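Structure, as structure tokens:
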Amino acid sequence: MKTKNDFHPDKELTAVCGLFCPSCTVFIGTAEEPQRLKAIADHYHTSPEVWECHGCRSENRSYFCENNCKMVECAAARGIEFCVECEEYPCDELRTFKEERPHRIELWEAQERIKEVGYAQWFVEMLEHYACPQCQTINSAYDFKCRACGAEPSCAYVDRHKSEIFPNLSKEK
């Protein structure tokens, strides 16, 4: 299991919208837990290979991101690295995106923090935010228990948003 010490600031591991790739369940599935990708693929009736993702700015992005993310192209067309740099921030596209899934709850905070302290410092803060307080394993917003040691909550993000995440998951089943 990868811990916060296994990562260093790398823009390939951060989406223009402010999502943090090391805490993405698809990224974790690609890098460490193929059974995660299989479960996602089974849910969407696709193959696990189409879900493989090496980061939002990488050449190998997941099926969802490759086919649905409009922010990457928009940012490239505007010559910006993060949505917060855009004069239309937050646009309707980003607002809708944020509201669709609980792992996107903190997008505004992420964007503002990147603007305030810079990308590298924000990246370090996110490692801490998604690290298990017991073993330092990076967990996703959907890991209520640490995937390595079983500690609850798995990370500060889950501790902070558990009441918002759980009801959303129940609706999807």
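Brief remarks on what is shown
- Scanning the stretch 1-24 for residues that are surrounded by fewer than 22 Cβ atoms within 10 Å (Cβ to Cβ) and over 21 Å from residue 76 (Cβ atoms) returns 1, 2, 3, 4, 5, 6, 7, 8.
- Test: residue in the stretch 114-131 that is in contact (Cβ under 8 Å) with a residue 40 or more places away in the chain and in a strand (DSSP E or B): yes
- Residue 151, sole failed condition from (1) more than 23 Å from residue 30 (Cα to Cα); (2) surrounded by 14 or more Cβ atoms within 10 Å (Cβ to Cβ); (3) among the small types (Gly, Ala, Ser): (1)
- Residue in the stretch 134-142 that is part of a helix (DSSP H, G or I) and under 17 Å from the mean Cα position of the chain (by Cα) present: no
- Qualifying positions in the stretch 61-86 - surrounded by fewer than 14 Cβ atoms within 10 Å (Cβ to Cβ), at pLDDT below 95 and assigned to a loop (DSSP other than H, G, I, E, B): 70
- Test: residue 8 is within 15 Å of the chain's Cα centre (by Cα), in a loop (DSSP other than H, G, I, E, B) and either farther than 27 Å from residue 121 by Cβ or not β-branched (Val, Ile, Thr) (or both): no
- Restricting the stretch 114-130 to residues that are more than 13 Å from the chain's Cα centre (by Cα) and surrounded by 19 or more Cβ atoms within 10 Å (Cβ to Cβ), the residue that is nearest to residue 89 (Cα to Cα): 114
- Any hit, the stretch 34-50, residues being surrounded by fewer than 21 Cβ atoms within 10 Å (Cβ to Cβ), over 16 Å from the mean Cα position of the chain (by Cα) and in contact (Cβ under 8 Å) with a residue 40 or more places away in the chain: no
- Of the residues contained in the stretch 45-59, none is found to be within 15 Å of residue 147 (Cβ to Cβ) and touching a Leu at 6+ places or on another chain (Cβ under 9 Å).
The values are calculated or read from the model by the stated rules, or taken from the named source; none is laboratory data. Keep in mind it's a predicted model, so treat the numbers as computed, not measured. With ideal geometry, Cβ positions are generated from the backbone for all residues, glycine too; neighbour counts draw on all protein chains shown.
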